[in-house]
Amino acid sequence: MIASRDVLAVTHATIALIANLGMASLAEGVEEPSQVAVLQSLGCRYAQGHFFSRPVRADRLLDGLEGNVAAARSRDHVEQDLAKDYDAA
């Protein structure tokens, strides 16, 4: 979770600056659903981190994607929610 009001304020300002420049923000290091919720509320469009997937070796990436279609669809749903909330703002 975001630790303090100062961190939250800087995160919000950064996301707003990126949006005002016509770019999409990507949060890295997301590990918990509560972080996804905060980022969504601040208008962050994309996120990556252990919440979505642990690091995967390149030679196993395709095998993992092919063998885990349901999990990939679940992650896509969260990303679509991030995008939907961003577009609605």
Legend entry - Net +/- balance of residues flanking His50 in space, Cβ distance below 10 Å, scoring K and R +1, D and E -1: -1
Legend entry - In the range 1-64, trypsin sites (Lys or Arg not before Pro) in a DSSP loop with at most 13 other beta-carbon atoms within 10 Å: Arg57
Legend entry - Under Karplus coefficients 6.51, -1.76 and 1.60, residue-wise ³J(HN,Hα) of the range 57-62 in Hz, glycine/proline x: 5, 4, 6, 10, 4, 5
Inset, instruction - Work out from phi, with θ = phi - 60° and the Karplus expression 6.51 cos²θ - 1.76 cosθ + 1.60, the ³J(HN,Hα) of each residue of the range 39-55, listed in order in whole Hz, and give x for Gly and Pro. - result: 4, 4, 5, 8, x, 6, 8, 10, 8, 9, x, 5, 4, 8, 5, 6, x
Legend entry - Nearest-0.05 FRET efficiency for Ala9 and Ser53, computed from C-beta distance (R0 41 Å): 0.90
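Every number here is computed from the coordinates shown, using simple stated rules; none is lab data. Bear in mind that the values here come from a model prediction, so they are computed numbers and not experimental data. Note that each Cβ is placed from the backbone with ideal geometry, even for glycine, and that neighbours are counted across all protein chains shown.
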